[in-house]
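Only one structure is covered here, and it is reproduced in the block below.
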Amino acid sequence: MNRKKFISNKKQFDAEKEKKVLGMKISFQKYLLLPYGFLILFLSFFVSLSSAQDKKFVVVIDAGHGGHDPGAMGKISREKDINLGVAIELSKLMEDNKELKVVLTRKTDKYLTLQERADIANDNHADLFICIHTNSSKSAMAYGAETYTLGLAKTNANLEVAMRENSVILLEENYQTKYQGFDPASVDSYIMFEFMQDKYLDKSIEFASLVQRHLDRNGRLDRGVRQAGFWVLHRSACPSTLIELGFISNPEEELFLNSEYGQKKMAQAIYSAFLEFKKEHDKRNGKPNSSSTLNQISSNKSEDVISENQNNYSTSEGQKKIEETNTSNNTIEEKQKENISPSDQQPIFKLQILASKKKLSPQSNELKELKSVDYYFEDGLYKYTFGAETDYNKIVQLKNDLSAKFPQAFIIAFINGKKTDVKEALRLTGK
Ligand SMILES: [Zn+2]
């Protein structure tokens, strides 16, 4: 072994020895510190647990539009005023609940950008963000409530609502840079919502479904939980929904939504939905005996339930909707019976979901998710239908609800058991 090699070997030996000694020191210190580590961990767990229990549930209520943005215009009113009226009534109900911290994005007729509204929710660490709006349609006939969660619109009607609500962005200067190239008026801009992961979606749908159920109980037509690309929902980091209370373009609904009675009723319905949502939230977080239960009882009493018909089949879109359809078949059957009038000339609207050369078993893959499917035979085909409504709007709603599962479904009409042209049927119903 030459001297050079000896030196290099020795260096290596010394380095390894040093490493070992260092390792022993570190592990010795580790063992010494271990109990302290556990203590700190235990204390921080305890502190975070107790602070989580003390933390109030934060609800941010956003009255849509305001100031120089009136929102949709009715014959006698502006959307921004209806939204604010209901938001304030809702905040009054919530402020009485000591478990809640309630924040309104606006308390007066003030303009806020969509980003500012989402920022208020995020700055307050909202647990739930409720945006309140009023719908509008070219047809004065359209009526009823819809609740939206964030997602890609599956129908043009839903996309139109999002485009209208997002259009306030255009009132801002430099909106292209502020909103990262998002153009509220371009259909292409909405593709982004297809690929977006929303970790709050389940909770948002849960709350939205409850809102629809309670609005329905309070006399609003339940037009279902829907999805579309609303910027304000996209920017908030919590479960969030946008409620379209009803149509300002429908004279009757406009009157109702402008009345003190109507605004209180809408606020009460949203609050009842909230209490149910909060009860589930508490249960999940190990707080089963929250005072929400008590509030629920008192609120249900004052809710002045008009109808117990929960209209479950129309509360959600896509797969979730189909699942709910399964669990609420009794309701559907009852509804169908209710809606079939004894009058012979009364048109019945149905949804044709598929046609087949051979008769299908109710347990077949195509049909097993829907109970009470009916069929008629025409042109050598068994044509399967779902739903039976005298109200055309309801069958349109059912079609929208089932659009994910049966995108090809279309509406047909029968009078006195005979298939009739839908236009002719509508003429007979006076629509
Ligand atoms: Zn609006």
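Below are the figures for this structure:
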{"read-out": "Test: residue in region 196-215 that is more than 20 Å from residue 121 (Cβ to Cβ), over 14 Å from the mean Cα position of the chain (by Cα) and assigned to a helix (DSSP H, G or I)", "value": "no"}
{"read-out": "Of residues in region 168-186 being within 17 Å of residue 118 (Cβ to Cβ) and of a type in the set (A, V, I, L, M, F, W, C), the one farthest from the ligand (Cβ to nearest atom)", "value": "182"}
{"read-out": "Subset of region 58-101 that is in a strand (DSSP E or B) and more than 26 Å from residue 249 (Cβ to Cβ) - its residue that is nearest to the ligand (Cβ to nearest atom)", "value": "60"}
{"read-out": "Only one of 112, 104 that is within 13 Å of the ligand (Cβ to nearest atom) and under 25 Å from residue 178 (Cβ atoms)", "value": "112"}
{"read-out": "In region 145-167, the residues that are surrounded by fewer than 24 Cβ atoms within 10 Å (Cβ to Cβ) and within 16 Å of the ligand (Cβ to nearest atom)", "value": "153, 157, 158, 159, 160, 161, 163, 164, 166, 167"}
{"read-out": "Check on residue 198, surrounded by 15 or more Cβ atoms within 10 Å (Cβ to Cβ) and either modelled with pLDDT under 85 or of a type in the set (Val, Ile, Thr) (or both)", "value": "yes"}
{"read-out": "Matching residues, region 211-241, being surrounded by fewer than 24 Cβ atoms within 10 Å (Cβ to Cβ) and more than 21 Å from residue 118 (Cα to Cα)", "value": "213, 217, 218, 219, 221"}
{"read-out": "Top-ranked residue in region 242-276 [being surrounded by fewer than 21 Cβ atoms within 10 Å (Cβ to Cβ) and aromatic (Phe, Trp, Tyr); ranked as nearest to the ligand (Cβ to nearest atom)]", "value": "256"}
{"read-out": "Verdict on residue 165 being in contact (Cβ under 8 Å) with a residue 12 or more places away in the chain, acidic (Asp, Glu), assigned by TED's automatic domain parsing to the domain that holds residue 223 and not in a loop (DSSP other than H, G, I, E, B)", "value": "yes"}
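The values are calculated or read from the model by the stated rules, or taken from the named source; none is laboratory data. Keep in mind it's a predicted model, so treat the numbers as computed, not measured. All Cβ positions, glycine included, derive from the backbone under ideal geometry; neighbour counts span all protein chains shown.
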